[in-house]
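Data block below; observations after.
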Amino acid sequence: ISDQKPLGCWSVKHGQILTCPVVCNFETHEYIAVHDDKVLRIWKNEDINLDKAFKATLSADVYRIHSLPHGGALVLFRAGAARTLDELLEAPQQEIESLLSGEAIRWSEAFMEGQQPVLIFTTEKDGDFFVYVQKPKLSSLHRYKLEQQESAKPLCFTAHITNQTVTLLCLYSNDSVYQVLIPLQHDAEEEQEEEEEILSKSLLLKLSVSGAVLKGTSLVVLDKDHVAVLGSLAAPGKEPRECLTIWNTKFQTLQTSKELPLGTSGQLWCYEEKFFLIHGKVLTVILYKCETSSLAAAVGKLKDSQTPDVSLFLNWNTLEDEELVVSFQSQEPVALKAESRMSLRSRRSTVAEGQPQTFSVGQLLLNLKAASNYVLEMELKKLLAKAPTPDLQATIGCVVTALTDRCKRSPKYYPQNFLQQIVETHDLSYSLCPDLMAVALEKKDMPLLQMCLERFPDIPEEVIYTCLKAFLSLSEADLQTLDVNVDSVICYIDVEMDDKEVKTEIVENGFSAEMDQDMCESKMPKGSHFGSHGESCPVGLQKAALLNAVLHSAYTETFLLPHLKNLPAQQAILFLRYLYYLYVKCSEKVNTTLPGIHSPTMNQIMDWMCLLLDAQFTVMVMLPEAKELLSSLHKFVRAQLRFYSELNKIEGSLQELQRLNHLRESQTYSIEVLEII
């Protein structure tokens, strides 16, 4: 998410419009979408063309699709009726009854109560709001009217089910959250009562602190005692600012807040202890953890405030500009563990009564800010050794960030061995320590960059390109002094003492250079030669290992291509020569697989070769020194195409021969002559 790597993308045809959010069916691992109100589409992750996906046209307009774990998918129509997805697929054109009379659905959600799915939705008509509780599988529907509130109306809803009771929370325009309790009725089919039941509501939370009022736009439930509200904080005499806030409904206190200066869309989602919201142009993901609510924690939070008014809105980035967070209270009920850059934070462990207070990771790093380099490393090693398992990732991220921050403040300080040890022994990602590779590039720590490229799954394309450019610009003499891991190349590049490749006789993949005259005539540019027995590697052992690490990195072509266009011409030619060398090496093997650890695959080689040619084709065509390289590459590919074309011609005969071998009796001796036409 933080590095914008799309894993899949599907689009409808021009003129078609997706009319409700797409959901994933937990049971079948399929995506379900509706376009143009009535057209249902279902497809899987491996499907490429949405137009070829399953299509069913329904008889009524769809409002929402809800997917439930172990409960399948429910389809809610704008007319108020609901069907399971399986029922609709059996008869897509079945008649859908209309349950609403001039009412418009404003919100809906689905839950599992035991083995039965429960659908709850609210509607509005002429300023009145209604609540519907429906059990589609039992054909049960109950309608309630929401008690009116003078000079205020509901802005958004959220709900949860506990002990056969629906708890509906309503965020009103008077900056208050109200609670409505609705008992679940178990009668299978009950006709609606003549008298409309009116639901009374109770004030749950007032969104104000010492004169500052939160104008909420979105509300989600975290647990029985905590809610999160996204909105604009308006303090007297100050400009309103958008914030994400967490409130304790049990003790009516604001627990913590995060200011969002770039603005939001007003929407907040919560799923599996993660917040999702749009901050500026970025999808922000925030991990949270709710602890048991206690009066001591709530009062302690208020007690520790430095000023009496809006200081409750705590600044999560308390260590100046660093991406580290101090856990403010040892009994803090809600500890936030991540922000938009996915730099995970650790929450503070609870301090037992009567025991000495233990520091949180953030406080420890703050205390070590002025410590000597030796003390810093020793304390961080102790921290890693005793880190609890749930917080291990967060702790490692904080440790690496502390080290890189020290490197930026003290240019002479660089704990190379410690950093390499952390990357090698822990499961890290680029998002956990975004400054690590930048510091390694500045210090020209190629072995560490190699480790990161091989291990990090989420490196931005710009950083991949910067590493590639740095590797190609290094001289072979400089690389000789570096301790680069050559496991990915040592098995297929043999080097003599004078750094020249040992020529070994190789049987090529189904053909030899003698098969094709073009192959004999093709020559590589100066510095390398292609012959019938192999070719010289255009780079040394260490540089080849570093380039293999780049080939191993995950990337998105759309984001990498613009950067590759800026690669200097000579470096682009050198890289293409190395890719051509790997291509030939792969083709020599029957299974087209190179030996070794983290060795590039044929697909990786071909993808990078095509990507480089797309980015640098004009330059390659114009440069004289690239002409022979392109010619050799063209002839080699043409020879392979001829060979595989010949194989395709006899594929049917070979399959027939295999079939005959299965039919032949094992005890019968015979000599057969098969003519391949």
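The values are calculated or read from the model by the stated rules, or taken from the named source; none is laboratory data. The model shown is predicted, which means the values in this text are computed figures rather than measured ones. Backbone-built Cβ (ideal geometry, glycine too); neighbour counts: all protein chains shown. In case anyone asks, the SASA skips ligands and DNA or RNA and just uses the protein heavy atoms, side chains included. Shrake-Rupley method; radii C 1.70, N 1.55, O 1.52, S 1.80 Å.
Values as computed for the structure displayed
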read-out: Interchain or long-range residues, amide H under 5 Å from R106's placed H; value: T122, T123, E124
read-out: Gain upon complete extension [A569, E462; 0.36 nm per residue less C-alpha separation]; value: 36.7 nm
read-out: Amide hydrogen neighbours beyond the local backbone of T249, cut-off 5 Å, H modeled; value: H226, V227
read-out: Residues in the range 131-166 reached by a label modelled at Q94 [backbone nitrogen below 19 Å; 7 Å Cα→Cβ]; value: 134-142
read-out: Trypsin sites (Lys or Arg not before Pro) lying in DSSP loop within the range 4-41, provided at most 10 other Cβ fall within 10 Å; value: K13
read-out: List E97, E646, ordered by accessible area with a 1.4 Å probe, largest first; value: E646, E97
read-out: Surface share of carbon and sulfur [accessible, 1.4 angstrom probe, percent] for the range 102-221; value: 43
read-out: Other-chain or far-sequence residues with amide H under 5 Å of R64's (modelled H); value: L76
read-out: Unsatisfied cross-links (Cα-Cα over 21 Å) in the set K412/K443; K585/K635; K13/K55; K55/K274; K38/K125; K258/K381; value: K55/K274; K38/K125; K258/K381
read-out: Förster-model FRET efficiency, 25 Å R0, T558 and T84, C-beta, rounded to 0.05; value: 0.05
read-out: The range 1-159 - charge dipole about Cα centre, Lys and Arg +1 at Cβ, Asp and Glu -1, debye rounded to 20; value: 140
read-out: J(HN,Hα) series, the range 433-449, from Karplus relation 6.51 cos²θ - 1.76 cosθ + 1.60, nearest Hz, glycine and proline x; value: 9, x, 8, 4, 5, 5, 5, 5, 5, 5, 8, 6, 8, 5, x, 5, 4
